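Bear in mind these aren't lab numbers, they're just calculated from the coordinates by the rules spelled out. Since the model is a prediction, treat every value here as computed from it, not as a measurement. We place every Cβ from the backbone using ideal geometry, glycine too, and count neighbours over all the protein chains shown.
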Amino acid sequence: MSDCFTDSTVGVGQGERQPIKQVVALPQQKSVPLPQLDSKLPDNGVKNLLNALTSPAPQRYTKLTSSDQQIVDLAKLVTAKDAIVEQQRAELKATENDLASTSAKLKDRETELTQERARIEAQNHELEILRALAKEQTYLCSQVQTLTKENQSLSKDLVDKDKQIEHENEIKENLEKALRVMKDEKAALENEVHSLRGQLELSAHRLSELELLAAAVGVDDGQAVKTYAQLQNDFASSNSQLEELAVVKANLDKDLSESQSKIEELNQLSASLAAENSALSQKSSELESKCASIERHLTTLEQKWTTKITERTDHLTTEKQALEEEVNDLRSRQSELTALTDRLASEALRASERAKQTELEKDELKKQLEAVDNVWQEKLAAEKNYCKEETDYLRSDLSESQKRVAELTTLIDRFATDARNHERLVIDML
């Protein structure tokens, strides 16, 4: 600091003034470098503080010395640093609050997502039930188709049985016709055999009579022998014809018995086929009624479940689309919140680092301020001593001046008294 000069004047006598000059040498103050602040501070308030610190000093500081200005600037910097630290603490607290709010929102979203997942699982379970019902309906439809095929097969078998019965009836009628023909032929053969037997007996009787007659008469004529031989031949021929007729009769009897046995078998087969046909007809009618009932039931179930499945499928599709959109929205929001959390964490880390740096700068400023304060205290002590000496001098000068003022007052009073006396004399003289 430059030397400080103090001028004072004291009146001496009447209107006399003498200058009083005293020189006090103050210690030289070293210039303290101002700390460089981070120009990348994020807040507008900090920028305003920086602008306030870097702005020109107000008019009232224009008469301050450089050391005083440095002390004022350091005080401003300390105040600004404290404000920055408090602001960064507030930002950290707000960031922590944002993180807590974000975590709570994430937990709420996770809870909602869990509920939606449980809801989707319940709907999937319901969909599985509907699928099982659809499978059961498909199984019932396959059973109906099987029963229908079986009914068709039974109907076909029934038609085949009817055709077989008709064929057997035709065979039976043909056999009965053949049997009647054979019976007629048998009767004709029996009549012919009976006639031939009568003729044979008659011929044998005549032959025996002729033999007796020939023996009695003694016929040895060739013509007679020839006639006898012819009769023998006729008799043999009649016997052979009779034997052939007997064989034919036996064959006819055999064929007749076989035909009767076949007719009996055909009758039994026809009876069994008729019974089986009636049973098949009854079973077919039962199956048809059962199939009709099942088809009606299946038609009702199919319409009912088709409506329900369609409605439920549409509802589930709509809900699934809504849930997918909501899940995508939640995922996007979760990614945004995660990015925001990361950004807030990085900002909190940077703010913490800036706070630490600010604390270090604050400590450095405190140290510099203490050093400046020590120098300033020394300067103040020197100025105090100077002021004390000057005050003592001024007090002594003041006391001397007061004495001079008292003398001047006495002199003025004397002059006033003389003036009044002189005025009285003038008045008396007039």
Just to verify a number: FRET efficiency for GLN268 and LYS183, C-beta to C-beta distance, R0 = 30 Å, to 0.05?
0.85
Could you give me the ³J(HN,Hα) list for the range 351-366, computed from phi with Karplus coefficients 6.51, -1.76, 1.60 and θ = phi - 60°, whole Hz, x at Gly and Pro?
5, 5, 5, 5, 5, 4, 4, 5, 4, 4, 5, 5, 4, 4, 5, 4
Those residues of the range 339-359 whose amide nitrogen sits under 12 Å from the label point placed on LEU106, 7 Å along Cα→Cβ:
339-345
Report the label-to-label distance for GLN303 and GLU407 in nanometres (one decimal), using points 7 Å from each Cα along the Cα→Cβ vector.
14.2
Overall dimensions of the range 364-427 by Cα: Rg and Dmax, Å:
26.1, 86
Can you tell me the length gained on complete extension of the stretch GLN282 to GLN377, counting 0.36 nm per residue apart and subtracting the Cα distance?
21.1 nm
Protection proxy ranking, peptides 403-413, 418-428, average beta carbon neighbours within 10 Å, highest first:
403-413, 418-428
If the label point sits 7 Å along Cα→Cβ of GLU347, residues of the range 95-109 with amide N under 12 Å come out as 95-99
Once the piece of chain linking LEU140 and HIS205 is laid out straight, how much longer is it, given 0.36 nm per residue of separation minus the C-alpha distance between them?
14.3 nm
Farthest toward the dipole's positive end in the range 316-430, which of THR338, LEU316, VAL375, given Cβ charges of +1 (Lys, Arg) and -1 (Asp, Glu) about the Cα centre?
VAL375
For ARG89 and THR318, what is the calculated FRET efficiency with R₀ set at 51 Å and r taken between the beta-carbons, to the nearest 0.05?
0.50
Surpassing 21 Å at the alpha-carbon level, of the pairs LYS135/LYS320; LYS149/LYS283; LYS172/LYS283; LYS81/LYS384; LYS262/LYS283; LYS81/LYS366, are LYS135/LYS320; LYS172/LYS283; LYS81/LYS384; LYS262/LYS283
